[in-house]
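Asker: Take this structure first; my questions come after.
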Amino acid sequence: QVPLLQLFSATSERVFLVSAHPGAGGSPEAYRVLMPMMDALRTMARIFYSLCWQDLPEYFEDHMKEWMDIFLKFLSYENATLTDSDEESEPGPIEKLQTAIVENVALYAEKYEEEFGAFLPSFAQAIWALLTKVGQATKFDPLASTAIRFLSAVVSKQHYGHLFGSEDLLGQIVSQIVVPNLLLRESDEELFEDNPTEWIQKELEGNDLDTRRRCACDLVRSMCKQFEAQTTALCGQRMMAMLQQHAADPSGGQWKAKDAAIQLLVAISAKSSSLASGVSATNAAINVQEMVQAHVLPELTGVSANIDALPVIRADCIKFLATFRNQLPVETMRAYLPLVAAHLKSGSRVVQSYAAYCIERTLTVKDKAPGVKPVLRFGQTEVQPLLGSLFENLFVILQSQDESFENEYVMKCIMRLLSVAKSDVVPLTPTLLTNFNACLERVCKNPRNPQFNHFLFESTAVLVASACAMDPNLTGQFEALLFPPFQTVLALDVAEFSPYVFQILAQLLEYRPDGLSDPYRQLFPPLLSPANWERKGNIPALVRLLRAYLKQGAAEVVPPHLQGMLGIFQKLLALKSTEGDAFALLDALSTSAPPDQLKPFLPTLMQLLMMRLQQLQATGSAQRFAKLMLCSLALIGAKLGGEAVVDAGLETVQPGITAMLVNQVFGKCLEASSPDPNDAKVLAVGLGRILAESNALKGNEAAWTALLGMLVTVLEPSTAQGSGGGEDDGDGLDDEVVGFDGDAYSKLHFTGGAAASDSDPLPEVKDAPAAACQSLGQACAAAPGVLVARVQALPPQLGQALAAHCARAGVTLA
């Protein structure tokens, strides 16, 4: 720390000395001498930042004045020798050093208020003065953004409120700093026109944290935290002046004034917002609805005349509607959605994307009331008249011959329309799938946009759900349209798409009303190929597809392929990352496979389970596995009987092993976490049958009684009835729920629902506690006095709970 200050001071003095030399201006020799020193100063400034990031070093605190005096001097430093007037994009050495200094000052103002307080007024004034002199070239952007962020941090703190409380001072911030940095520059216009993807990422997706416009808006929001009334009035006046400036020449060159005015309006209006949910709280002094009617909708009307006129303003207005969608009533939505939809025909990709984004986000808005399920504000009835024109305009974009067809906002909009319209889209099924298949054929050649691809498959999934839930017989029509492109994907081995294909094939099969079709029969043997299971991303989707096969055609696929499926189970069981999939497959076999086919393999299955459990116990990571194992054993008990699990299963591995599991493993995993409703139901029914039917377990009084106690803990009505299914309509899903998640396997949300293979495995059991009590009652009746004595030995709380359940079920344990 000591050498750093000494070196920084000495180098600074040398820079100032060389700069002050009469012959230094523009001298190549001066440039040669100054450049390495400026680079060294910037490096030392960054080291200063790193050393102070965690805590304020005592030496730096004691010598703060020495550091700050030099920092302050450099904020006003100018030298023509180090300035390249022809360079537009790359910051020069002065700008780089000043940016590092402002970052240091901002750190101190944020974290060390008390120690730095005496220096703050001087720095606030110096940085303000610096901002007023910074040019509009992009090379100054890092410096300008950093300086504005410093002012934002300072002005929002009550501790520094006295520095900015003057209305005149606030007005100067708005006029001298905020507005100039909101105005579009020539480089911004070029970005809008030549690189729409980057523009959208910055302006729509929130990747604009370092842009001048974003920082200027954040400065306004920071001012509103302490001086809301004054800031609102000052910004409102400035905003209205810029709106009038544009209104005086609406088709001329004053459109940049309106663009800045809209940015300013958003900044002062939105008090709380998120990308996914929009604005949730607004400035009470701003009437958003009036602003929409007066300054937003008029820009979108008359689109047939020239839809491509003033594209930036049209994009601004569409984004404004999307941002404040929660504050707009359904009547306003009815007015603006057709106008926004017409802009899907715009020649600007930015406007197209904004229009699709606005429509999609509008269709997620829900009206909420206490005690009432939220309902879509613009739902199925409202959107139905617009479906034809919306799909027509959206598919025109998807049919474009350049790379712009891979527009993720357009595809997500289609997905949302399908979700909201539900059965109204069924008549359009052939047209929609034809368009989807055409897109799939194109993206197969180069799957470069994962979000677009994800929403393409989500759209197919929601169409399958909407149509087949209404009429399962439509599955044949879907098979005819989807199998050819899906087989192409599998034949071309498009790794990114295989998990999606398997998920939709599973969804479609689950809806089939009459078992397996010929295409599905032909597809099954290749699914068991080891190559398919080598890819991590395929595994959850393939397991779900196998479960669908077992549900719809176990009698056909189990006899010739049971050993192959058990081999897959063994492979999946060996890895912690796939053990959940292994148990899902085992549960499907337990539920659907013919008992006479599965029972001969139970000893081998139990041996595999015990070997894996022992491996995990050795590493201290067996709890999750133990819980999965317990639930699967209970399901086997519920389906095949308690004797199959214990006497013909676990006890063949090692006599007495069941008692060990009950006493040392299963009880602990249930204590650690409660089972979910479906698991609790399976445990109630399965453990009841194991207690009633396993002679080996009945021979061990302590283990039997312990397992009975475990059964009672899962017999509560809130957990043991099962979830009962129920389809999620998918309305209003946030981006966190639907979207490519960056992993090899990305779940398709819309393949879920009532038909999903993860529904209640015991739908025939309507009352799980009653079923468990009936099993116990039969067991007690078969051995009078023996098992009842064990029941009576339960702890009082468990005994009373069991008695209450038996009374409700009409069962007497005697």
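Asker: Check GLN563, GLN615, GLN552 and return the single one that is over 21 Å from ALA634 (Cβ atoms), open to solvent by 20 Å² or more (accessible area, probe 1.4 Å) and touching a Gly at 6+ places or on another chain (Cβ under 9 Å). Spell out how you get there, then give the answer.
Answerer: On the way: GLN563 fails: touching a Gly at 6+ places or on another chain (Cβ under 9 Å); GLN615 fails: touching a Gly at 6+ places or on another chain (Cβ under 9 Å).
Among GLN563, GLN615, GLN552, only GLN552 is over 21 Å from ALA634 (Cβ atoms), open to solvent by 20 Å² or more (accessible area, probe 1.4 Å) and touching a Gly at 6+ places or on another chain (Cβ under 9 Å).
Asker: Something else about it: May I ask you to verify whether ASP308 is more than 23 Å from the chain's Cα centre (by Cα), at pLDDT 95 or above, under 28 Å from PHE405 (Cα atoms) and among the charged types (D, E, K, R)?
Answerer: no
Asker: Scan the range 523-550 and report the pairs whose first residue is without any contact (Cβ under 8 Å) to a residue 60 or more places away in the chain and part of a helix (DSSP H, G or I) and whose second residue is polar (S, T, N, Q) and open to solvent by less than 10 Å² (accessible area, probe 1.4 Å), with Cβ atoms within less than 8 Å and a gap of 6+ or a chain change.
Answerer: ASN532/SER498; ASN532/ASN538; LEU545/GLN503
Asker: Quick check on the range 1-15: of everything there that is open to solvent by less than 40 Å² (accessible area, probe 1.4 Å) and β-branched (Val, Ile, Thr), which residue is modelled with the highest pLDDT? Lay out the reasoning, then the answer.
Answerer: Taking the range 1-15 first, the residues open to solvent by less than 40 Å² (accessible area, probe 1.4 Å) are 4-5, 8-9, 11-12, 15.
After this cut, where a residue has to be β-branched (Val, Ile, Thr) as well, the list is 11, 15.
Details: THR11: 97, VAL15: 94.
Here the residue is THR11.
Asker: Do you know which residues across the range 306-325 are surrounded by fewer than 20 Cβ atoms within 10 Å (Cβ to Cβ) and acidic (Asp, Glu)?
Answerer: Answer for the range 306-325, where residues must be surrounded by fewer than 20 Cβ atoms within 10 Å (Cβ to Cβ) and acidic (Asp, Glu): just ASP308.
Asker: Give the range 414-451 a look and list any residue that's touching a Lys or Arg at 6+ places or on another chain (Cβ under 9 Å) and at pLDDT 95 or above, or say none.
Answerer: Taking the range 414-451 first, the residues touching a Lys or Arg at 6+ places or on another chain (Cβ under 9 Å) are 416, 451.
Residue satisfying the conditions is ARG416 alone.
Asker: What is the number of the single condition among (1) in contact (Cβ under 8 Å) with a residue 40 or more places away in the chain; (2) outside any helix (DSSP H, G or I) that GLN401 does not meet?
Answerer: (1)
Asker: Taking VAL178, is it open to solvent by less than 10 Å² (accessible area, probe 1.4 Å), modelled with pLDDT of 90 or more and not hydroxyl-bearing (Ser, Thr, Tyr)? Lay out the reasoning, then the answer.
Answerer: Numbers: open to solvent by less than 10 Å² (accessible area, probe 1.4 Å): yes; modelled with pLDDT of 90 or more: yes; not hydroxyl-bearing (Ser, Thr, Tyr): yes.
So VAL178 fits the description; yes.
Asker: Just one of the numbered conditions (1) under 23 Å from the mean Cα position of the chain (by Cα); (2) surrounded by fewer than 18 Cβ atoms within 10 Å (Cβ to Cβ) is not true of ASP402; which one?
Answerer: So ASP402 meets the others, but not (1).
Asker: Determine, yes or no, whether ALA461 is part of a helix (DSSP H, G or I), over 23 Å from the mean Cα position of the chain (by Cα) and at negative phi.
Answerer: Values: part of a helix (DSSP H, G or I): yes; over 23 Å from the mean Cα position of the chain (by Cα): no; at negative phi: yes.
It is false that ALA461 is part of a helix (DSSP H, G or I), over 23 Å from the mean Cα position of the chain (by Cα) and at negative phi.
Asker: Can you tell me which residue is most open to solvent (accessible area, probe 1.4 Å) among those in the range 263-303 that are touching a residue at least 24 places away in the same chain (Cβ under 8 Å) and part of a loop (DSSP other than H, G, I, E, B)?
Answerer: Filtering the range 263-303 for residues that are touching a residue at least 24 places away in the same chain (Cβ under 8 Å) and part of a loop (DSSP other than H, G, I, E, B), the one most open to solvent (accessible area, probe 1.4 Å) comes out as LEU275.
Asker: I've got another one for you. Which pairs turn up if I take residues in the range 470-497 that are more than 16 Å from VAL443 (Cβ to Cβ) and look for partners that are open to solvent by 70 Å² or more (accessible area, probe 1.4 Å) and not aromatic (Phe, Trp, Tyr) with beta carbon separation below 6 Å, at least 6 apart in sequence or on another chain?
Answerer: PRO472/PRO513
Asker: So which residues in the range 356-382 are surrounded by 12 or more Cβ atoms within 10 Å (Cβ to Cβ) and either part of a helix (DSSP H, G or I) or in contact with a Gly (Cβ under 7 Å, 6 or more places away or on another chain) (or both), if there are any at all?
Answerer: Going through the range 356-382, the residues surrounded by 12 or more Cβ atoms within 10 Å (Cβ to Cβ) turn out to be 356-367, 374-380, 382.
Answer for the range 356-382, where residues must be surrounded by 12 or more Cβ atoms within 10 Å (Cβ to Cβ) and either part of a helix (DSSP H, G or I) or in contact with a Gly (Cβ under 7 Å, 6 or more places away or on another chain) (or both): ALA356, TYR357, CYS358, ILE359, GLU360, ARG361, THR362, THR364, LYS366, LEU376, GLN380, GLU382.
Asker: May I pose another question? (1) buried (at least 17 other Cβ atoms within 10 Å of the Cβ); (2) touching a residue at least 40 places away in the same chain (Cβ under 8 Å): which one isn't true of VAL18, the others all being true?
Answerer: Of everything listed in (1) buried (at least 17 other Cβ atoms within 10 Å of the Cβ); (2) touching a residue at least 40 places away in the same chain (Cβ under 8 Å), VAL18 misses just condition (2).
Asker: Can you pull out every residue in the range 110-123 that is open to solvent by less than 10 Å² (accessible area, probe 1.4 Å) and either in contact with a Leu (Cβ under 6 Å, 6 or more places away or on another chain) or more than 16 Å from SER152 (Cα to Cα) (or both)? Walk me through it before giving the result.
Answerer: Restricting attention to the range 110-123, the residues satisfying the condition of being open to solvent by less than 10 Å² (accessible area, probe 1.4 Å) are 116, 120, 123.
If the condition is that a residue be open to solvent by less than 10 Å² (accessible area, probe 1.4 Å) and either in contact with a Leu (Cβ under 6 Å, 6 or more places away or on another chain) or more than 16 Å from SER152 (Cα to Cα) (or both), then PHE116 is the only one that fits.
Asker: If you don't mind, another one. Test PHE502 against the criterion of being open to solvent by less than 10 Å² (accessible area, probe 1.4 Å) and over 27 Å from the mean Cα position of the chain (by Cα), and give yes or no. Walk me through it before giving the result.
Answerer: On the way: open to solvent by less than 10 Å² (accessible area, probe 1.4 Å): yes; over 27 Å from the mean Cα position of the chain (by Cα): no.
Judged against the criteria, PHE502 is not a match.
Asker: Just checking, which of GLU496, GLU458, GLU510, GLU479 is over 24 Å from ASN393 (Cβ atoms), acidic (Asp, Glu) and surrounded by 22 or more Cβ atoms within 10 Å (Cβ to Cβ)? Outline the logic, then answer.
Answerer: Values: GLU496 fails: surrounded by 22 or more Cβ atoms within 10 Å (Cβ to Cβ); GLU458 fails: over 24 Å from ASN393 (Cβ atoms); GLU479 fails: surrounded by 22 or more Cβ atoms within 10 Å (Cβ to Cβ).
After ruling out the rest, the residue left standing is GLU510.
Asker: Can you pull out every residue in the range 798-814 that is within 13 Å of LEU711 (Cα to Cα), of a type outside the set (A, V, I, L, M, F, W, C) and either over 44 Å from the mean Cα position of the chain (by Cα) or open to solvent by 40 Å² or more (accessible area, probe 1.4 Å) (or both)?
Answerer: GLY799
Asker: Residues of the range 86-108 being assigned to a helix (DSSP H, G or I) and in contact with a Lys or Arg (Cβ under 8 Å, 6 or more places away or on another chain), which ones?
Answerer: Going through the range 86-108, the residues assigned to a helix (DSSP H, G or I) turn out to be 93-108.
Passing the criteria: PRO93, GLU95, LYS96, LEU97, ALA100, ALA106.
Asker: Then there is this: Suppose we keep only residues that are among the charged types (D, E, K, R) and under 32 Å from the mean Cα position of the chain (by Cα) within the range 672-704. Which one would you say is surrounded by the fewest Cβ atoms within 10 Å (Cβ to Cβ)? Before you say what the answer is, go through the steps one by one.
Answerer: Let us first name the residues in the range 672-704 that are among the charged types (D, E, K, R), namely 676, 679, 681, 689, 693, 698, 701.
From the residues that got through so far, the ones that are under 32 Å from the mean Cα position of the chain (by Cα) too are 676, 679, 681.
Working: ASP676: 12, ASP679: 21, LYS681: 30.
The extreme case among them is ASP676.
The values are calculated or read from the model by the stated rules, or taken from the named source; none is laboratory data. Computed from a prediction, not measured in an experiment: that's the story for all the values here. In this analysis, Cβ positions are derived from the backbone assuming ideal geometry, glycine residues included, and neighbour counts consider all displayed protein chains. We work out accessible area using only protein heavy atoms, side chains counted, and drop any ligands, DNA or RNA first. Shrake-Rupley method; radii C 1.70, N 1.55, O 1.52, S 1.80 Å.
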